[in-house]
Amino acid sequence: MSKVIKNGTIVTADRSWRADVLFKHGKIIAIGPDLHGDHEFDATGCYVMPGGIDPHTHLEMPFMGTYSADDFESGTRAALAGGTTMVVDFCLPAPQQPLLEALQMWDNKTSKASCDYSFHMAITWWGKQVFDEMATVVDKGITSFKHFMAYKGALMVDDDEMYSSFQRCADLGALPLVHAENGDVVAALSQKLLAAGNNGPEGHAYSRPPEVEGEATNRAIMIADMAGVPLYVVHVSCEQAHEAIRRARQKGMRVFGEPLIQHLTLDESEYFNKDWDHAARRVMSPPFRNKLHQDSLWAGLQAGSLQVVATDHCAFTTSQKRNGIGDFTKIPNGTGGLEDRLPVLWTTGVNTGRLTMNEFVAVTSTNIAKILNMYPKKGAIVEGADADIVVWDPKRKRTITSKKQQSVIDYNVFEGFEVTGLPRFVFSRGELSIQEAEVKAKPGHGEFVAREPNAAINRALSTWKEISAPRKVERSGIPATGV
Ligand code: DUC
Ligand code: ZN
Ligand code: ZN
Ligand code: ZN
């Protein structure tokens, strides 16, 4: 059975034009005027765009003594409801756990996914076994490795481990990712704040100032350069981190930066709300920043020094958050956003003139498809691509409320936010998954997307190549002992 989207304007990362889109067996088979199929979907007044890709989610993740509340069933349903047709989740081995065993555990969580997904593998410990297994992980189509520079005593890796892993990534053509916050300083600041009786959610923000992020981002960039590998920095929240990325790119290094929709639109005043629940629900790492940092992130998206907007969707219920009453370090870190990323970015970005529609597609879909080497299977409207398509109605409005969301948690950090611009239809590999407010997503429809190492993007332009393969200097006439 073929399907056709008629009368819309196709919007991709590089152009916009009027054409119909015909697809069959999950793939786009024709694009052009006046196409016909077994089922026709009217896109009059709408934009036909590649479905969103969220490269940063934590679904059903064991973390801080609990599990994030949205699993692959509710999480991918939320994604589709908001126009996102693929998620990339993090597989997190426990300390000393074999990577392949963790991968099996994560794979077991996905049976009810209704959109396609992939994984990043986290490097949470280091040893010969990890070194060896990284090659098998790449063979299985997982070509990106995440490193936590924070969460001391849990997920954090030290610089020597990170340097070893980055070199291994370079050998394998894989892309290292970093959560860049100085975990030692965060731990010290947290203890200081608690000792002074500052135990509320605002203490979380004080314990992770922009400087800890700027320092770690710089450090990770320098270590990546020495290892001769590109770098992807997740959840860039502040000017200090953005500045480091900008500078590296100006020098010719392949460094990518990912702001989150939350940091672009919500600020630190949320932590000073008198209602403990309100503030704790917004505790995530890095924390929300002030308006100057927000302006820096928007500028980065406009200038191209930041390339991707994600969510870090890691949702906890109010009751889970309350575990941190009396000690902010025990508030599970994370916020939701999967369903809201596209409508909120469209409303605050495209409707305000900060982003063009084509830039919107680039930062929500196409850029990350290229960075993670799954373009044009994903992130494109082109013959042969997966029919992951959102038909976007720029006039549809909604007030965001947890009462109508797909996420299972009992609040929404965007509660009350009015969005203009929402999906009319969403297709996941050709399956109609969303029709306006009606969710037709099919649990189990989602498939794993395997990725190849990327010879083009995953090659560093390192200034340190000589150091990783030192030349022996021949000097005639100088005594050997003097060399
Ligand atoms: N930050 C969060 O807020 N939650 C999950 C992990 C992370 O780095
Ligand atoms: Zn006709
Ligand atoms: Zn993180
Ligand atoms: Zn994360």
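Restrict the check to the stretch 65-86 and report whether at least one residue is under 27 Å from LEU422 (Cβ atoms), part of a strand (DSSP E or B) and basic (Lys, Arg).
No, every residue in the stretch 65-86 fails to be under 27 Å from LEU422 (Cβ atoms), part of a strand (DSSP E or B) and basic (Lys, Arg).
Being of a type in the set (A, V, I, L, M, F, W, C) and within 16 Å of ligand 3 (Cβ to nearest atom) is the filter here, so list the residues in the stretch 211-237 that pass it.
VAL212, ALA216, ALA220, LEU231, VAL233, VAL234, VAL236
Within the stretch 238-283, can you find the residues that are in contact with an Asp or Glu (Cβ under 7 Å, 6 or more places away or on another chain) and in a loop (DSSP other than H, G, I, E, B)?
CYS238, MET253, ARG282 - these are the residues of the stretch 238-283 that are in contact with an Asp or Glu (Cβ under 7 Å, 6 or more places away or on another chain) and in a loop (DSSP other than H, G, I, E, B).
Could you tell me which of the residues ARG398, ARG424 is among the charged types (D, E, K, R) and closer than 30 Å to SER319 by Cβ?
ARG398
Can you tell me which of (1) assigned to a helix (DSSP H, G or I); (2) within 21 Å of the chain's Cα centre (by Cα); (3) crowded, with 17+ Cβ neighbours inside 10 Å is the one ASP107 doesn't meet?
Here ASP107 meets the rest and fails (3).
Which of the numbered conditions does GLY336 fail, given that it passes all the others? Conditions: (1) within 30 Å of GLY252 (Cα to Cα); (2) of a type outside the set (Val, Ile, Thr); (3) within 16 Å of ligand 3 (Cβ to nearest atom).
The number of the failed condition is (1).
Name the one entry in ALA30, ALA69, ALA79 that is within 16 Å of ligand 4 (Cβ to nearest atom) and surrounded by fewer than 24 Cβ atoms within 10 Å (Cβ to Cβ).
Of ALA30, ALA69, ALA79, the one residue that is within 16 Å of ligand 4 (Cβ to nearest atom) and surrounded by fewer than 24 Cβ atoms within 10 Å (Cβ to Cβ) is ALA69.
Out of LEU355, LEU338, LEU306, report the one residue that is touching a His at 6+ places or on another chain (Cβ under 6 Å), part of a loop (DSSP other than H, G, I, E, B) and either farther than 30 Å from LYS27 by Cβ or modelled with pLDDT of 95 or more (or both).
Sole residue among the options that is touching a His at 6+ places or on another chain (Cβ under 6 Å), part of a loop (DSSP other than H, G, I, E, B) and either farther than 30 Å from LYS27 by Cβ or modelled with pLDDT of 95 or more (or both): LEU338.
Where the second residue is among the β-branched types (Val, Ile, Thr) and the first is under 15 Å from GLN250 (Cβ atoms) and lies in the stretch 292-305, which pairs have Cβ atoms under 8 Å and are six or more apart or on separate chains?
Within 8 Å, the pairs are GLY300/VAL236; GLY300/ILE245; SER305/ILE245.
Quick one: which residue in ALA362, ALA315 is aliphatic (A, V, I, L, M) and either without any contact (Cβ under 8 Å) to a residue 40 or more places away in the chain or part of a helix (DSSP H, G or I) (or both)?
That would be ALA362, the only listed residue that is aliphatic (A, V, I, L, M) and either without any contact (Cβ under 8 Å) to a residue 40 or more places away in the chain or part of a helix (DSSP H, G or I) (or both).
Give VAL87, VAL48 a once-over and let me know the one that is within 13 Å of ligand 4 (Cβ to nearest atom), modelled with pLDDT of 95 or more and either under 17 Å from ARG429 (Cα atoms) or more than 16 Å from the chain's Cα centre (by Cα) (or both).
Going through VAL87, VAL48 in turn, the sole match is VAL87.
Looking at the stretch 26-50 only, could you name the residues that are hydrophobic (A, V, I, L, M, F, W, C), within 21 Å of PRO394 (Cβ to Cβ) and assigned to a loop (DSSP other than H, G, I, E, B)?
Hits for the stretch 26-50 are ALA43, CYS46.
Would you please name the residue that is nearest to LEU301 (Cα to Cα), looking only at residues in the stretch 10-25 that are part of a strand (DSSP E or B) and in contact with a helix residue (DSSP H, G or I) (Cβ under 9 Å, 6 or more places away or on another chain)?
By that ranking, first place goes to VAL11.
The values are calculated or read from the model by the stated rules, or taken from the named source; none is laboratory data. Note that the coordinates shown come from a computational prediction; the quantities given were computed from them, not determined experimentally. Glycine gets a Cβ as well: all are built from the backbone with ideal geometry, and neighbour counts include every protein chain shown.
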